[in-house]
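Engineer: Structure incoming, see below.
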Amino acid sequence: MAKFLHISDIHLGFDRYDTPERTKDFFRALKTVLERYAIEEGVDFVAIAGDLFEHRNIKPATLNQAQICLQALKDANIPVLAIEGNHDNRPYGTRTSWLKYLSEWELLKLLEPTDGADGQERLVPWDQDTRSGSYIDLACGVRVIGSNWYGATAPRAIELLADAIKALPTGPDHTVLLFHHGLEGQISRYAGALRYTELLPLKEAGVDYLALGHIHKQYTVEGWVFNPGSLEANNVEESRYQRGAYLVELSTQGVEAQLQTDYFQRPIVRLELVAKGQESLDQLTQMAMDRAIAAANECHGDTAPILELKITGQVGFDRLELDTRRLQEAIKAATHALVVLIKYDVEDVAYQTPLNEGQNRLEIEQSIFEDMLTAHRDYKTRASELARGLTDLKDRQLAGANETDLYSLVETLLSLNDPEAEFEPQTASSP
């Protein structure tokens, strides 16, 4: 029986959300998953199905993180077999990559098909002296075959790989192929995914375990196709996907792959607050704070979460009055979250007070005036008294008051001469 760990899409050097701690999360995830499910489990090898790095050109600190993790496996006599993914494959026109560098320093074995004209030349055995090769036969009874990042040419590449696998000399009982590509139907809005039928030539060629990468979501198909997902979520949208590492056993009974998730993963909390259009700006802000604090308190452990708050619905004030940056900073201070993301997608409504049955014309009029004034940045603090004044102004105009008196009343309402002045409605006089 052979045992190995299948991981993919580690993305060391991830640098979104403008925080060094988030970049370190991807190192922490890799380090803890290797300690718990490779070294402690005593696996025969570790398979990396692409995207060890986030970028093709990496910083020294990122390279150091990879070296620390891979050296720990080397010290435990656990070989690492890897392929390049679309994130870390060599830039066009160059002959090397950082995975090639790690392979030359004997921290992993980078398995790559050649450009051979026929199947016998396309897959060549691993050469320890040149630190190159397409496949390796391990003492644990497993043949591991590598591949490249093929992109849109993947269907044709599969046909060529299948022919090359069939042309290989007889080897161990089990064959594992590392392949960085995704299957259709697993996530939405993913162009270029493979159909399952396009993988079948590999099964017919003798592949017992197809180790996929690329899609950051765990899935398995027909007991021989396995994708563990990314070790850590690259964004809050991905937090809804299950992900992890496959601890795999190959035996005469077949394949047994268990998804392992008990390692470092930063908690991600996603909230939605729906405004009803009746809340004031202060009330909505406090509701957002309360919701965020309650959610953060539910997170267990000492790891600060990433928190996303989405505010939707309707507001009875100018939507631009809500300072999302200030709210973001206040929530971060109150919850101690590592990252706070605010999504603010609301519509303004003209009226926020519901009309009750039995209200007379004056009461309805007052409610409408008050709602309109409350939604105004300058008048909201005096909405009630100004609403009464507008009713008085309308009554005077209907009663035929001259324009000079009406303008005088408007000046009094707005307290143009004395901002501290208080307005008292007057009885409309006859013309």
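All of the numbers you see were taken from the coordinates with simple rules; none came from a lab. Predicted, not measured: the structure shown is a model, and the values here were computed from it. Don't worry about glycine lacking a Cβ; one is built from the backbone with ideal geometry, like all the others, and counts go over all protein chains shown.
Engineer: Search the structure for amide H atoms under 5 Å from the amide H of Lys276, placed 1.01 Å from N in the peptide plane, and list their residues when 5 or more places away or on another chain.
Structural biologist: Distant-sequence amide H within range of Lys276: Gln314.
Engineer: Rounded, prolate or oblate: which fits the chain when a ≥ b ≥ c are the square roots of the eigenvalues of the alpha-carbon gyration tensor, with rounded for a/c under 1.5 and prolate only if a/b beats b/c? Could the numbers behind the result be given before it?
Structural biologist: Details: a/c = 3.66, a/b = 3.18, b/c = 1.15.
The shape class here is prolate.
Engineer: Note the angle between two axes, namely the Cα long axis of helix 361-374 and the longest principal axis of the Cα atoms of the chain, as a number of degrees from 0 to 90, rounded to the nearest 10.
Structural biologist: That helix lies at roughly 50 degrees to the long axis.
Engineer: Let me ask you something else. How far is helix 324-335 tilted off the main Cα axis of the chain, in degrees rounded to 10, range 0 to 90?
Structural biologist: Long axis of 324-335 versus the principal axis of the chain: about 70 degrees.
Engineer: Can you compute the modelled spin-label distance between Thr153 and Glu41, with each label point 7 Å from Cα toward Cβ, in nm?
Structural biologist: 3.5
Engineer: Checking the cross-link filter: which lysines have an alpha carbon closer than 23 Å to that of Lys310, excluding same-chain neighbours under 8 positions apart?
Structural biologist: The qualifying lysines are Lys276, Lys332, Lys343.
Engineer: Go through 19-30, 362-373 and give me the packing order, highest mean Cβ count within 10 Å leading.
Structural biologist: My ranking of the peptides, most packed first, is 19-30, 362-373.
Engineer: Each residue of region 310-321 in turn: what ³J(HN,Hα) in whole Hz from Karplus with 6.51, -1.76, 1.60 and θ = phi - 60°, glycine and Pro shown as x?
Structural biologist: 3J(HN,Hα) across region 310-321, in whole Hz: 10, 9, 10, x, 10, 10, x, 9, 4, 4, 6, 6.
Engineer: Classify region 1-123: rounded, prolate or oblate, from the alpha-carbon gyration tensor (a ≥ b ≥ c, eigenvalue square roots; a/c under 1.5 rounded; otherwise prolate if a/b is larger than b/c)?
Structural biologist: Here region 1-123 falls in the oblate category.
Engineer: Something else: What lysines could a cross-link reach from Lys109, if we take a straight Cα to Cα line under 28 Å and drop same-chain neighbours fewer than 8 places away?
Structural biologist: The qualifying lysines are Lys3, Lys24, Lys31, Lys59, Lys74, Lys100, Lys166, Lys203, Lys217.
Engineer: Also, I was wondering about something else. Could you give me the ³J(HN,Hα) list for region 218-223, computed from phi with Karplus coefficients 6.51, -1.76, 1.60 and θ = phi - 60°, whole Hz, x at Gly and Pro?
Structural biologist: So the J values, rounded to whole Hz, are 6, 7, 9, 9, 6, x.
Engineer: Note down the relative contact order for the chain as a percent, whole number, built from C-alpha pairs under 8 angstrom at least six residues apart.
Structural biologist: Once normalised by length, the contact order is 11 percent.
Engineer: With the crude spin-label approximation of a point 7 Å out along Cα→Cβ, what separation in nm comes out for His336 versus Asn77?
Structural biologist: Between His336 and Asn77, the simple spin-label model gives 4.4 nm.
Engineer: Which whole-number percent gives the relative contact order of region 52-194, counting Cα pairs below 8 Å spaced six or more residues apart?
Structural biologist: 20
Engineer: Another question, then. With unit charges on the beta carbons (Lys and Arg positive, Asp and Glu negative) and the dipole taken about the Cα centre of region 268-348, which residue among Gly316, Val346, Leu271 sits farthest to the positive side?
Structural biologist: Most positive-ward Cα: Leu271.
Engineer: Convert each backbone phi in region 66-76 into a coupling constant with the Karplus relation 6.51 cos²θ - 1.76 cosθ + 1.60 (shift: θ = phi - 60°), then list the ³J(HN,Hα) values in order as whole Hz, x for Gly and Pro.
Structural biologist: Karplus values, whole Hz, x for Gly and Pro: 5, 5, 4, 5, 6, 5, 4, 5, 4, 5, 8.
Engineer: Sort 317-329, 204-216 by packing, meaning the average of other beta carbons within 10 Å per residue, with the highest value first. It would help to have the intermediate numbers written out before the result.
Structural biologist: Numbers: 317-329: 14.9, 204-216: 22.2.
Ranking the peptides 317-329, 204-216 by packing returns 204-216, 317-329.
Engineer: Quick query: amide H of Arg270 versus all other amide H atoms, modeled in the peptide plane; which residues come in under 5 Å with a sequence gap of 5 or more or a different chain?
Structural biologist: Correct list: Glu308.
Engineer: Then there's this: From the helices alone, meaning DSSP H stretches of at least four residues, give me the mean residue ellipticity at 222 nm for the chain, per-run term -39500 (n - 2.57), in deg cm²/dmol to the nearest 500. Show your work: numbers first, answer last.
Structural biologist: On the way: 11 runs with 131 residues, N = 431.
That comes out to -9500 deg cm²/dmol.
Engineer: Amide H to amide H, which residues 5 or more places from Val225 or on other chains are under 5 Å from it, using H placed in the peptide plane?
Structural biologist: Leu210
Engineer: Would you kindly state how much longer the chain becomes between Glu184 and Glu238 on full extension, computed as 0.36 nm times their sequence separation minus their alpha carbon distance, in nm to one decimal? Don't jump to the answer; show the numbers that get you there.
Structural biologist: On the way: separation 54, 0.36 × 54 = 19.44 nm, distance 1.70 nm.
Answer, rounded to one decimal: 17.7 nm.
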